[in-house]
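**Q** Got a structure here, written out as structure tokens. Questions coming.
Taken together, the values in this text are just the output of simple stated rules run on the coordinates, not laboratory data. Please read all numbers here as calculations on a predicted model, not as lab measurements. We place every Cβ from the backbone using ideal geometry, glycine too, and count neighbours over all the protein chains shown.
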Amino acid sequence: MKFLITGGAGFIGSNYCHYVVDKYPEDKFVCLDALTYAGNYNNIKSLENKENFKFVHGDITDRDFIDKLFREEQFDVVINFAAESHVDNSIKNPGIFLTTNIIGTQVLMDASLKYNVKRYHQVSTDEVYGDLPLDRPDLLFTEDTPIHTSSPYSSSKAGADLLVGAYYRTFGLPVTISRCSNNYGPYQFPEKLIPVIFSKAMKDEHVPVYGTGENIRDWIHVHDHNVGVDLIVRNGKVGEVYNLGGHSERNNLTVVKTILKQLGKSEDLIEFVEDRKGHDLRYAIDSTKAEKELGWNRTYNFEDGIKETIDWYLNNQDWVEDILNGNYKNAYKD
Ligand code: NAD
Ligand code: TDX
């Protein structure tokens, strides 16, 4: 089978490429990425000589380019990881989120219909369900929780999900959607909480905690997310949504203190800063459906996963530094 993996030079997509290229030598994987500020060719450079892997530089919103690519490659499966993914950016500049996350999804689905793709998978997020109160630990998001978004980012992801559902019902496109909680692991761009804390703490700079630090996220190791996506793509039921979560709810302050402790840094580095506008209070995922139907389960507990992740960042400080000084932009030449 031939797979298109969009956004494959980003955090989750690149981890996905490493996982499947090794696991399925008989399949072919084309990784498409526009290499926006968040895309980093260094994340997948070590795959460039693999026979079942190919990188293509291009934009999912470019209709002519996408049509030509689908005509030439005749993909069996499309997995759409490509997105503008950072909530804070969506608050400063919502427009690009609508273009990439909604129009980009439409362009990919139009080409999938035209060239008879057998499965279109949309990588979505738990943020489409909005947030849960801090004082009701009994409440979890299920696949039936109504869509109720807070930020331009989550609204654009929800818009895309609704469009995916519409292409299934109206045109019969064989779709699936996964909605996952907060990922951590190697290759995460240092704009998200965990790599921000790591890179600032290493320089003994203040680490910014938004508001009171009480907001709760359900953390999942990126590998567990990607195993779930692979199972859904291969065995999931067409037209269905599957939640994937880490069973690891932690408030932000706990996460920050865990990282500082591992790095041997003082908690005095913590600086409480202005809260994010519209800041979601708590995410928590019920993954029973994926567990029962697909036999999926998360394998990392948070304490082991975060330790391994911080060790990865410690062993790959050049990777972080390359991003902070902008050199990563030279990793790919057309
Ligand atoms: P990321 O920002 O690290 O990577 C996104 C990738 O998409 C980058 O490589 C970027 O260059 C590429 N891209 C952006 N616009 C593009 C375009 N127009 N054409 C082609 N490529 C383009 O994001 P991530 O954290 O890896 O997230 C991947 C997906 O998973 C996103 O759809 C996101 O919404 C979803 N998701 C993320 C998380 C998380 O915790 N990070 C959780 C749940 C779901
Ligand atoms: O410097 C920071 N300080 C801080 O307190 C940053 C960057 C974040 N935070 C807080 C905000 C959130 O409560 O930490 C929490 C996590 O923030 P992010 O890493 O920006 O992630 P979040 O907003 O929760 O969204 C993430 O999970 C769902 C991904 O970025 C999304 O792409 C995904 O859909």
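**Q** Of Thr145, Thr258, Thr36, which is the most mobile in a GNM of the chain whose springs link Cα atoms less than 10 angstrom apart?
**A** Thr145
**Q** Nearest 500 deg cm²/dmol is fine: what mean residue ellipticity at 222 nm does the chain get from its DSSP H runs of n ≥ 4 alone, each adding -39,500 (n - 2.57), divided by its residue count? Could you put the intermediate results ahead of the total?
**A** Numbers: 12 runs with 130 residues, N = 334.
Per the formula, -11500 deg cm²/dmol.
**Q** Which of Ala160, Ala201, Ala83 moves the most in a Gaussian network model of the chain with Cα springs under 10 Å?
**A** Ala201
**Q** Let's see if you can work this out: charge +1 on each Lys and Arg Cβ, -1 on each Asp and Glu Cβ, no other charges. What is the dipole magnitude of segment 77-228 about its Cα centre, in debye to the nearest 20?
**A** Details: 12 positive and 17 negative charges, 130 e Å.
Dipole about the Cα centre, nearest 20: 620 debye.
**Q** Enumerate the amide H contacts of Ile220 below 5 Å, restricted to partners 5 or more residues apart or on another chain; note that Pro and chain-start residues carry no placed amide H.
**A** Asn182, Asn183, Tyr184
**Q** Over 28 Å, how big is the tail of the calculated P(r) for segment 176-334, in percent of all Cα pairs? Don't jump to the answer; show the numbers that get you there.
**A** Values: 3682 of 12561 pairs.
When all Cα pairs of segment 176-334 are counted, 29 percent exceed 28 Å.
**Q** Can you give the local net charge around Ser155? Use residues other than it whose beta-carbon is closer than 11 angstrom to its beta-carbon, Lys and Arg +1, Asp and Glu -1.
**A** That works out to -1.
**Q** Please tell me the relative contact order of the chain in percent, rounded to the nearest whole number, where contacts are Cα pairs under 8 Å and at least six residues apart. Present the calculation step by step, with values, prior to reporting the outcome.
**A** Details: 642 pairs, mean separation 60.9, N = 334.
Relative contact order for the chain comes out at 18 percent.
**Q** Next up: Using all alpha carbons of segment 173-267, what is the percent of pairwise distances in each 5 Å bin, ordered from the shortest bin to the longest?
**A** It works out to 2, 12, 20, 19, 16, 10, 8, 6, 4, 2, 0, in whole percents.
**Q** Placing one identical point scatterer on every Cα of the chain and ignoring solvent, what is log10 I(q)/I(0) from the Debye formula at q = 0.07, 0.10, 0.12, 0.15 Å⁻¹?
**A** Results for the chain at q = 0.07, 0.10, 0.12, 0.15 Å⁻¹ read -0.27, -0.56, -0.82, -1.34.
**Q** Within segment 28-68, which residues have the backbone N less than 19 Å from the label spot 7 Å out from Lys2 along Cα→beta-carbon, could you tell me?
**A** 28-33, 48-60, 63-68
**Q** Gain in length, Asp304 to Val273, computed as 0.36 nm per residue apart minus the alpha-carbon separation, to one decimal in nm?
**A** Values: separation 31, 0.36 × 31 = 11.16 nm, distance 2.87 nm.
Extending this stretch completely gives an extra 8.3 nm.
**Q** Of the options Ala38, Gln262, Ser112, report the single residue whose Cα projects farthest towards the positive end of the charge dipole of the chain (beta-carbon charges: Lys, Arg +1; Asp, Glu -1).
**A** Farthest towards the positive end: Ser112.
**Q** Name the aspartates and glutamates eligible as straight-distance cross-link partners of Lys277: C-alpha to C-alpha under 16 Å, and not fewer than 8 places from it in the same chain.
**A** Those aspartates and glutamates meeting the cut-off are Asp88, Glu127, Asp131, Glu214.
**Q** Listed here are the pairs Lys200/Lys307; Lys23/Lys118; Lys23/Lys54; Lys118/Lys333; Lys23/Lys45; Lys114/Lys237; which of them are more than 26 Å apart at the Cα?
**A** Correct reply: Lys118/Lys333.
**Q** Another question about this same structure. Let me know the shape class of segment 23-117, please: from the alpha-carbon gyration tensor, a ≥ b ≥ c as square roots of the eigenvalues, rounded when a/c is under 1.5, otherwise prolate if a/b is greater than b/c, or oblate.
**A** oblate
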